[in-house]
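**Student:** Below is one structure. I have some questions about it.
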Amino acid sequence: MKLFRPLILFVAGLLVLHTAVAQKRTPVRPGAVRGVEYAIDSILAGLTLQEKIGQLVQYSGGWSTGPTGEQIINQEQRSLIRSGGTGSLLNVTGAAATRELQRIAVEESRARIPLIFGLDVIHGFKTTFPIPLAEAASWDPAAVELSARISATEAASAGIHWTFAPMVDIARDPRWGRIAEGSGEDTYLGSVMAAARVRGCQGTRLDDPMSLVACVKHYAAYGAAEGGRDYNTVDMSEQTLRDVYLPPFKAALDAGAGTFMASFNEINGVASSGSRFLMTKVLREEWKFDGFVVSDWGSIGELIPHGFAADPGQAAERAINAGVDMDMEARAYRDSLASLVKQKRVSVATIDESVRRVLRIKFRLGLFSDPYRGTSVERENRMLRHPSHIAAARTIARSSIVLLKNENSLLPLSLKAGAIAVIGPLAQNKRDPVGTWPGPTDTNNVVTVLEGIQEAAAGSLIMYARGCGIDDADTTGFATAVNVARKADVVVMVMGESNEMSGEACCRSFIGLPGNQLDLVKAVQATGTPIVLVLMNGRPLAISWEAANLPAIVESWHLGHETGHAIADVLFGTYAPTGRLPVTFPRVTGQVPLYYNHKNTGRPFNDTSHYTSRYLDIPSTPLYPFGYGLTYTTFGYSDLVIDAATLHPADSLRVRVTVRNTGTRDGDEVVQVYVRDDVGTLTRPVRELKAFKRVHLAAGASATVALAIPVSDLAYTGADMKRRVEPGTFTVFVGSNAAADLAAHCEVVAK
Ligand code: BGC
């Protein structure tokens, strides 16, 4: 019985989490809404202008910690809060520190308004989950929601109220390092994941002390930086903005997201943090958002180098009048708003409206009822790295892995594989698997690939050699690596990027394996021992040589604490891979940006004809398409049927297809439906993902899989900036990735 207790507790923990995730959001009663607005009226009536401005100013609490890791609160911070000079702090964590600062706010400041504590809880707090790009590769919104839920639970226990997540930027250029923080290149998948993350983070109620309020970022089009270089200029049509980049923000909002973050970039000549079009016209007037917008770190001040403001005063004026409510760390609101009001460049009504939005979220979080949200050091200790969280981190990590190649079924490896050589700079590495933005994680908790393999294949002879560094020219380790490879029956090479090669300001102009890693792979390959290449990275890599010359490739991204367990589960077949690429893998860096839902051009590429849209030196297809991923069995598709081939705008496009497990093992398939609008008033992409469904099929079994797409989802933005479905024919493609060619046709007719 003793043995079973931890298991029961863990299952019970998961059930509680799952139940919380599955429940519907509690609708807000109109009476309660009015009550909050009256309460805000009366708070506003009692505030001085300086106190109002204080609510719109956010400071970083800094990272100074004491000998036992406790956060140090300095005198300056105490007096700032006491004077009402700030409404929010970021980067302060821990029940003890947040309680003390909150106490000063509610007991020692005149207005007694609670602080809201923010933090980047991106893919875990003390339990580290896979990076968001990896989680998106699970194509499993329930898993992604659970990860966000657990992260929120841990962070909330440590006094956090607000996370700067989800990051929902569509990224079509893998040179851009922040591709790691989002859900990849696709608008539909990105929207599904954005909503899942908001549901997980905010739970069923914002005033649940286990929930955080989400901050959808970076609004907007930050992922479209020219050349894939961070912070760079964005210039795009309003149609592309509305059809490709904005929908995940709208999906997050529809899921209840309480706050937005303005982005660093400019769009079409207007810096986002001063864009009235984005912050007011689209967000408030069209989408009816009633929460608040925070700037990105210092982004209001950056209106000056953008050439969009002459000085901090003008920057503050443009930002607040555009609809950016809170200034993160630029000090522009603190230093300029009062005089801008005096000069009538900013109205008191504008300030009041921004304060109202901030207070509204504080009310929704329950901070006016319990400013501490029930935190205690005891609860914090109990919640952080709870065994159920670690178990879920393993489950989610393994579902994020994508099997790219598996010649002659080299995988799964037999547990009696004989001698296994584990080689590479990421094989016995605890630092990098946590990925970018790991938050206040402890990398000692990372299970390395070597450790995972040793645990899983205890009966095998396991040899290890680092071989080379991640990004240097040192070849002194090559000989040992080649030597252990020679003695082994199979080699597992763990290669890729450090956690500092993706994320903010971490862009790369060449996206192959860095340093001399490919040279090491070639040297080991020359031994003739079969190689399983396990990749760890925060972006798609250009791996043409590896794909052509190695028998097996496993894309594991940066998987977090449970890296080694998850990878061993896949390598030895305890778990058959279920991940699918959320982003296209190019053949070479020079091919990017390369994404599946491009336009056709007047001369679509054609390998046999010269005057077509292509490069002379490489095939125009990707190395691995969007949606691609193998498993330990195979699937066949047939009998694609559209229930009614003539559709009206209010109908749904209903698709049925037979999927058969044609292999010898049970497995999961992700059935994907892509639609092409054949002819438009404006040109349309060659195809767009509109639906997907996961099916589990026993070996040899088949099933009819039905998917429905509301015809309204086939709409796009016309030249008049209105979204509508245009009557005409559509081609529907169904299959296991964006290159699917099983097709059927339908027609949408006007009402
Ligand atoms: C990043 C944001 C982040 C903020 C606060 C900025 O540099 O762009 O994504 O939320 O810092 O840490």
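The values are calculated or read from the model by the stated rules, or taken from the named source; none is laboratory data. Since the model is a prediction, treat every value here as computed from it, not as a measurement. All Cβ positions, glycine included, derive from the backbone under ideal geometry; neighbour counts span all protein chains shown. Accessible surface areas use protein heavy atoms only, side chains included; no ligands, DNA or RNA. Shrake-Rupley method; radii C 1.70, N 1.55, O 1.52, S 1.80 Å.
**Student:** Condition check: closer than 30 Å to GLY203 by Cα, within 16 Å of the ligand (Cβ to nearest atom) and small (Gly, Ala, Ser). Does SER354 satisfy that?
**Tutor:** No.
**Student:** For THR563, only one of the following conditions fails: (1) open to solvent by 10 Å² or more (accessible area, probe 1.4 Å); (2) of a type outside the set (Gly, Ala, Ser); (3) within 12 Å of ALA397 (Cβ to Cβ). What is its number?
**Tutor:** Of (1) open to solvent by 10 Å² or more (accessible area, probe 1.4 Å); (2) of a type outside the set (Gly, Ala, Ser); (3) within 12 Å of ALA397 (Cβ to Cβ), only one is false for THR563: (1).
**Student:** Now a separate question. If you scan the range 326-347, which residues turn out to be within 16 Å of the ligand (Cβ to nearest atom), hydrophobic (A, V, I, L, M, F, W, C) and under 20 Å from LEU47 (Cα atoms)?
**Tutor:** Of everything in the range 326-347, just one residue is within 16 Å of the ligand (Cβ to nearest atom), hydrophobic (A, V, I, L, M, F, W, C) and under 20 Å from LEU47 (Cα atoms), namely MET326.
**Student:** From the list VAL679, VAL671, VAL657, exactly one residue is open to solvent by 60 Å² or more (accessible area, probe 1.4 Å) and hydrophobic (A, V, I, L, M, F, W, C). Which is it?
**Tutor:** Only one candidate qualifies: VAL679.
**Student:** Inside the range 634-666, can you point out the residues that are part of a strand (DSSP E or B), charged (D, E, K, R) and within 30 Å of TYR716 (Cα to Cα)?
**Tutor:** ASP639, ARG654, ARG656
Here's the yes/no breakdown for (1) in a helix (DSSP H, G or I); (2) within 30 Å of ARG34 (Cα to Cα):
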{"site": "GLY307", "(1), (2)": "no, no"}
{"site": "ALA338", "(1), (2)": "yes, yes"}
{"site": "ALA349", "(1), (2)": "yes, yes"}
{"site": "GLU353", "(1), (2)": "yes, yes"}
{"site": "ARG357", "(1), (2)": "yes, yes"}
{"site": "PHE368", "(1), (2)": "no, yes"}
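**Student:** For the range 131-145, check the following and say yes or no: at least one residue is closer than 29 Å to LYS362 by Cβ, away from the ligand (no atom under 16 Å from the Cβ) and in contact with a His (Cβ under 6 Å, 6 or more places away or on another chain).
**Tutor:** No, the conditions are met nowhere in the range 131-145.
**Student:** Residue by residue through the range 283-302, note down the ones that are over 20 Å from ILE351 (Cβ atoms), out of contact with any strand residue (DSSP E or B) (no Cβ under 9 Å at 6 or more places or on another chain) and part of a helix (DSSP H, G or I).
**Tutor:** GLU286
**Student:** Then there's this: Quick one: what pairs do we get from the range 514-528, first residue farther than 23 Å from GLY538 by Cα, second charged (D, E, K, R) and in a helix (DSSP H, G or I), C-beta under 6 Å, 6+ apart or different chains?
**Tutor:** Final answer for the pair search is THR527/ARG486.
**Student:** For the range 209-229, does any single residue satisfy the condition of being closer than 27 Å to SER369 by Cα, open to solvent by 10 Å² or more (accessible area, probe 1.4 Å) and among the hydrophobic types (A, V, I, L, M, F, W, C)?
**Tutor:** Among the residues of the range 209-229, at least one is closer than 27 Å to SER369 by Cα, open to solvent by 10 Å² or more (accessible area, probe 1.4 Å) and among the hydrophobic types (A, V, I, L, M, F, W, C), which makes the answer yes.
**Student:** Determine whether THR436 is out of contact with any strand residue (DSSP E or B) (no Cβ under 9 Å at 6 or more places or on another chain), within 16 Å of the ligand (Cβ to nearest atom), within 30 Å of PRO174 (Cα to Cα) and open to solvent by 10 Å² or more (accessible area, probe 1.4 Å).
**Tutor:** yes
**Student:** Kindly provide the set of residues from the range 385-436 that are modelled with pLDDT of 95 or more and among the basic types (Lys, Arg), ordered by number.
**Tutor:** ARG385, ARG394, ARG398, LYS405, LYS430, ARG431 - these are the residues of the range 385-436 that are modelled with pLDDT of 95 or more and among the basic types (Lys, Arg).
**Student:** Might you check whether a residue that is in contact with a Pro (Cβ under 7 Å, 6 or more places away or on another chain), open to solvent by 30 Å² or more (accessible area, probe 1.4 Å) and either part of a strand (DSSP E or B) or away from the ligand (no atom under 16 Å from the Cβ) (or both) occurs anywhere in the range 450-467?
**Tutor:** Yes, the range 450-467 contains a residue that is in contact with a Pro (Cβ under 7 Å, 6 or more places away or on another chain), open to solvent by 30 Å² or more (accessible area, probe 1.4 Å) and either part of a strand (DSSP E or B) or away from the ligand (no atom under 16 Å from the Cβ) (or both).
**Student:** OK, next. Name, by its number, the condition in (1) of a type outside the set (Phe, Trp, Tyr); (2) within 16 Å of the ligand (Cβ to nearest atom); (3) open to solvent by 10 Å² or more (accessible area, probe 1.4 Å); (4) over 25 Å from the mean Cα position of the chain (by Cα) that does not hold for ARG318.
**Tutor:** (2)
**Student:** Condition check: open to solvent by 50 Å² or more (accessible area, probe 1.4 Å) and in contact (Cβ under 8 Å) with a residue 60 or more places away in the chain. Does THR631 satisfy that?
**Tutor:** no
**Student:** Can you name the strands (runs of 3 or more DSSP E) wholly within the range 476-576 that have at least 2 residues being of a type outside the set (Asp, Glu) and under 26 Å from ALA148 (Cα atoms)?
**Tutor:** Correct list: 531-536.
**Student:** Across the range 384-434, what is the number of residues that are in a loop (DSSP other than H, G, I, E, B) and of a type in the set (D, E, K, R)?
**Tutor:** Residues that pass the stated criteria total 4.
**Student:** Separate question: I'm trying to understand the selection: among the residues of the range 230-242, which are open to solvent by 30 Å² or more (accessible area, probe 1.4 Å), assigned to a helix (DSSP H, G or I) and not polar (S, T, N, Q)?
**Tutor:** GLU238, ARG242
**Student:** Next question, about the same structure. Condition check: within 15 Å of the ligand (Cβ to nearest atom) and closer than 24 Å to ARG318 by Cβ. Does PHE277 satisfy that?
**Tutor:** no
**Student:** Would you confirm whether or not the range 249-257 contains a residue that is in contact with a Phe, Trp or Tyr (Cβ under 7 Å, 6 or more places away or on another chain), touching a residue at least 60 places away in the same chain (Cβ under 8 Å) and within 15 Å of the ligand (Cβ to nearest atom)?
**Tutor:** Yes: the range 249-257 contains one or more residues that are in contact with a Phe, Trp or Tyr (Cβ under 7 Å, 6 or more places away or on another chain), touching a residue at least 60 places away in the same chain (Cβ under 8 Å) and within 15 Å of the ligand (Cβ to nearest atom).
For (1) under 21 Å from ARG178 (Cα atoms); (2) open to solvent by 30 Å² or more (accessible area, probe 1.4 Å); (3) out of contact with any Gly (no Cβ under 8 Å at 6 or more places or on another chain), each residue gets a yes or a no:
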| residue | (1), (2), (3) |
| --- | --- |
| THR259 | yes, no, no |
| ALA262 | yes, no, yes |
| GLU266 | yes, yes, yes |
| SER273 | yes, no, yes |
| PHE277 | no, yes, yes |
| LEU283 | no, no, no |
| GLU286 | no, yes, yes |
| PHE289 | no, no, yes |
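**Student:** Identify, from the list THR187, THR153, the residue that is out of contact with any Gly (no Cβ under 9 Å at 6 or more places or on another chain), of a type outside the set (Phe, Trp, Tyr) and away from the ligand (no atom under 13 Å from the Cβ).
**Tutor:** None of the other options fit; the residue is THR187.
**Student:** OK, next. Look through TRP162, TRP176 and report the one residue that is closer than 30 Å to GLY590 by Cα, within 15 Å of the ligand (Cβ to nearest atom) and open to solvent by less than 10 Å² (accessible area, probe 1.4 Å).
**Tutor:** From the options TRP162, TRP176, the qualifying one is TRP176.
**Student:** Another question, then. Checking the structure you have, find out if any residue of the range 296-308 is open to solvent by 20 Å² or more (accessible area, probe 1.4 Å), within 16 Å of the ligand (Cβ to nearest atom) and free of Cβ contacts under 8 Å to residues at least 24 places away in the same chain.
**Tutor:** The answer is yes, given that some residue of the range 296-308 is open to solvent by 20 Å² or more (accessible area, probe 1.4 Å), within 16 Å of the ligand (Cβ to nearest atom) and free of Cβ contacts under 8 Å to residues at least 24 places away in the same chain.
**Student:** Regarding the range 517-527, can at least one residue be identified that is crowded, with 24+ Cβ neighbours inside 10 Å and within 23 Å of ALA180 (Cα to Cα)?
**Tutor:** yes
**Student:** If you don't mind, there's one more thing I want to ask. Right, SER502: open to solvent by 10 Å² or more (accessible area, probe 1.4 Å), polar (S, T, N, Q), modelled with pLDDT of 95 or more and over 18 Å from CYS468 (Cβ atoms) or not?
**Tutor:** No: the conditions fail for SER502.
**Student:** Also, I was wondering about something else. Looking at the range 107-120, which of its residues are open to solvent by 10 Å² or more (accessible area, probe 1.4 Å) and within 16 Å of the ligand (Cβ to nearest atom)?
**Tutor:** Selection gives ASP120 alone.
**Student:** Right, SER376: surrounded by fewer than 16 Cβ atoms within 10 Å (Cβ to Cβ) and either touching a Lys or Arg at 6+ places or on another chain (Cβ under 9 Å) or at pLDDT 95 or above (or both) or not?
**Tutor:** Criteria met by SER376.
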